[in-house]
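Let me begin by presenting the structure, written as structure tokens, before commenting on it.
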Amino acid sequence: MATAGALTDVGGVRVGHAGRWGGGWLSGVSVVLAPEGGAVAAVDVRGGGPGTKETDALDPRNVVRRVDAVVLAGGSAYGLDAASGVMAWLEERGRGVRVGPEAGHVVPVVPAACLFDLGRGGDFRARPDAAMGRAAVEAAAASAPGGPVAEGCVGAGIGAVAGCLKGGVGTASTVLESGITVAALVVVNSAGDVLDAETGVLYGELFEGPVAYPKPGVRKAARRRLAEVAARNAPPPLNTTLAVVATDADLTKAQAQKVAGTAHDGIARAVRPVHLLHDGDTVFTLATGARPLAPEPTALNEVLAAGADLVTRAVTRAVRAARPVSEPGGAWPSYEELYGRR
């Protein structure tokens, strides 16, 4: 069966992006829309400076069992307003936690996390709002089921930076021998580096098998350019890497939370250092429950391992898909601008 190699390979899950680039803008929103009826959700926050909304509701001890969407937004804490637009869209369709006698009496629970990109396009006040969140969820709803997901400088990845490189959105998926699908979507906006400047190799690709090393002259020129970018942007900006791991496995909230926690290992393989005080690193899990999970621990372990591996792969895809940016708020080269396409 053909797959998109994306988060949308999990049946019923859709992804939509919205944002602006230019005219002082360099920011956006990405929305992961769950199937009708929602998905079991969990979260694990490990960055020292997170900006989040409704994450307490995902604690396995609390009453909320399923959510209808997850919002990833630029704009730092201001960008969390994008979730309001998603909530309004869901309410209009009667999707959410039923709280009254009528079908429309619902409160959508929309967990959200933000990343810092303020001023990177020049205008500090150019940041996502409820209208942009609504545009992103509408894009998700209008997308083809199982369709491709745009990567690189889209949605919440428009203003993302990875160390001294341009960051962005990446996604990856796999089907386990059990038939369970696991997928990840990552927005890479890390304070840590994603590549070894001495060799020109992305850290995450060291886990994918043999790597091709750029020629010495290319590496030397890239190191010089990266040093210039680091000097121009010192001290390090506030940053965050956000991820959503989705699966069609039937998970409890506690199991989903374990998947979110293990998925942070995938970030740690691809970003060095990680989980700093400058970071707000956050991973969400969505489990649609379409496929039963075998009772033995090995079955869950396979999902845990796949989630971490796919986060690593999604980080490298995000960096490779990014394009360079030069705006009044800063200039960052892309990986492929420095090292070429391989």
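The values are calculated or read from the model by the stated rules, or taken from the named source; none is laboratory data. Note that the structure is predicted; figures quoted are calculated from it, not measured. Cβ sites come from the backbone with ideal geometry, for glycine too, and all protein chains shown count toward neighbours. Note: areas computed on protein heavy atoms with side chains; ligands, DNA, RNA excluded. Shrake-Rupley method; radii C 1.70, N 1.55, O 1.52, S 1.80 Å.
Just to be sure I understand the filter: pairs with C-beta atoms under 7 Å, separated by 6 or more residues or on different chains, first member in the range 303-328 and more than 22 Å from G209 (Cβ to Cβ), second member of a type in the set (G, A, S) and open to solvent by 20 Å² or more (accessible area, probe 1.4 Å). Which pairs pass?
From the range 303-328, the pairs are V325/A331; E327/G122; P328/G122.
G104 is checked against (1) of a type outside the set (S, T, Y); (2) modelled with pLDDT under 95; (3) under 29 Å from N233 (Cβ atoms) and fails just one. What number does that condition carry?
Among (1) of a type outside the set (S, T, Y); (2) modelled with pLDDT under 95; (3) under 29 Å from N233 (Cβ atoms), G104 violates only (3).
Residues being within 19 Å of A34 (Cα to Cα), more than 15 Å from the chain's Cα centre (by Cα) and either acidic (D, E) or not in a loop (DSSP other than H, G, I, E, B) (or both): count how many of those fall in the range 260-297.
5
Considering only residues that are more than 19 Å from N233 (Cβ to Cβ), open to solvent by less than 70 Å² (accessible area, probe 1.4 Å) and part of a loop (DSSP other than H, G, I, E, B), which ones fall in the range 115-131?
R127, P128, D129, listed by residue number.
Kindly list the number of the only condition in (1) among the polar types (S, T, N, Q); (2) out of contact with any strand residue (DSSP E or B) (no Cβ under 9 Å at 6 or more places or on another chain); (3) open to solvent by less than 10 Å² (accessible area, probe 1.4 Å) that fails for S30.
So S30 meets the others, but not (2).
Where the second residue is open to solvent by less than 30 Å² (accessible area, probe 1.4 Å) and of a type in the set (F, W, Y) and the first is over 10 Å from T316 (Cβ atoms) and lies in the range 180-204, which pairs have Cβ atoms under 8 Å and are six or more apart or on separate chains?
G200/Y339
Among the residues of the range 206-223, write down those that are in contact with a Lys or Arg (Cβ under 9 Å, 6 or more places away or on another chain) and either in a helix (DSSP H, G or I) or of a type in the set (S, T, Y) (or both).
Once the filter is applied, which keeps residues that are in contact with a Lys or Arg (Cβ under 9 Å, 6 or more places away or on another chain) and either in a helix (DSSP H, G or I) or of a type in the set (S, T, Y) (or both), the range 206-223 yields L206, F207, Y213.
Can you tell me which of (1) closer than 27 Å to V32 by Cα; (2) surrounded by fewer than 24 Cβ atoms within 10 Å (Cβ to Cβ); (3) β-branched (V, I, T) is the one V201 doesn't meet?
(1)
Are any residues in the range 232-259 open to solvent by less than 40 Å² (accessible area, probe 1.4 Å), farther than 25 Å from S27 by Cβ and of a type in the set (A, V, I, L, M), and if so, which ones?
Passing the criteria: A249, L251, A256, V259.
Only residues that are surrounded by fewer than 24 Cβ atoms within 10 Å (Cβ to Cβ) and in contact (Cβ under 8 Å) with a residue 24 or more places away in the chain: list them for the range 333-342, please. Show your work before the answer.
Going residue by residue through the range 333-342, those that are surrounded by fewer than 24 Cβ atoms within 10 Å (Cβ to Cβ) are 333-334, 336-342.
Once the filter is applied, which keeps residues that are surrounded by fewer than 24 Cβ atoms within 10 Å (Cβ to Cβ) and in contact (Cβ under 8 Å) with a residue 24 or more places away in the chain, the range 333-342 yields P333, S334, L338, Y339, G340, R342.
If the requirement is being farther than 19 Å from R98 by Cα and touching a His at 6+ places or on another chain (Cβ under 9 Å), which of these qualifies: G16, G23, G48? Break it down into steps so the answer makes sense when it comes.
Values: G16 fails: touching a His at 6+ places or on another chain (Cβ under 9 Å); G23 fails: touching a His at 6+ places or on another chain (Cβ under 9 Å).
Exactly one of G16, G23, G48 is farther than 19 Å from R98 by Cα and touching a His at 6+ places or on another chain (Cβ under 9 Å), namely G48.
Of the conditions (1) within 27 Å of G307 (Cα to Cα); (2) of a type in the set (A, V, I, L, M, F, W, C); (3) surrounded by fewer than 22 Cβ atoms within 10 Å (Cβ to Cβ), L72 fails just one. Which one is it?
The failed condition is (3).
Taking the range 205-231 only, how many residues are within 20 Å of the chain's Cα centre (by Cα) and without any contact (Cβ under 8 Å) to a residue 60 or more places away in the chain?
The number of residues fulfilling the criteria is 0.
As an exercise: evaluate T262 against (1) over 27 Å from L7 (Cα atoms); (2) in contact with a helix residue (DSSP H, G or I) (Cβ under 6 Å, 6 or more places away or on another chain); (3) not charged (D, E, K, R) and give the number of the one condition it does not meet.
Going through (1) over 27 Å from L7 (Cα atoms); (2) in contact with a helix residue (DSSP H, G or I) (Cβ under 6 Å, 6 or more places away or on another chain); (3) not charged (D, E, K, R) one by one, T262 breaks only (1).
Going by what's in this entry, would V175 be described as open to solvent by 50 Å² or more (accessible area, probe 1.4 Å), modelled with pLDDT of 95 or more, over 13 Å from T312 (Cβ atoms) and of a type in the set (V, I, T)?
So V175 passes the test.
Test V229 against the stated conditions and say whether it is within 26 Å of G119 (Cβ to Cβ), open to solvent by 10 Å² or more (accessible area, probe 1.4 Å) and modelled with pLDDT under 95.
no
Within the range 53-69, which residues are closer than 29 Å to S190 by Cβ, surrounded by fewer than 21 Cβ atoms within 10 Å (Cβ to Cβ) and out of contact with any helix residue (DSSP H, G or I) (no Cβ under 6 Å at 6 or more places or on another chain)?
T55, D56, A57, D59
Assess whether G49 counts as being free of Cβ contacts under 8 Å to residues at least 40 places away in the same chain and open to solvent by 30 Å² or more (accessible area, probe 1.4 Å).
On the way: free of Cβ contacts under 8 Å to residues at least 40 places away in the same chain: no; open to solvent by 30 Å² or more (accessible area, probe 1.4 Å): yes.
So G49 fails the test.
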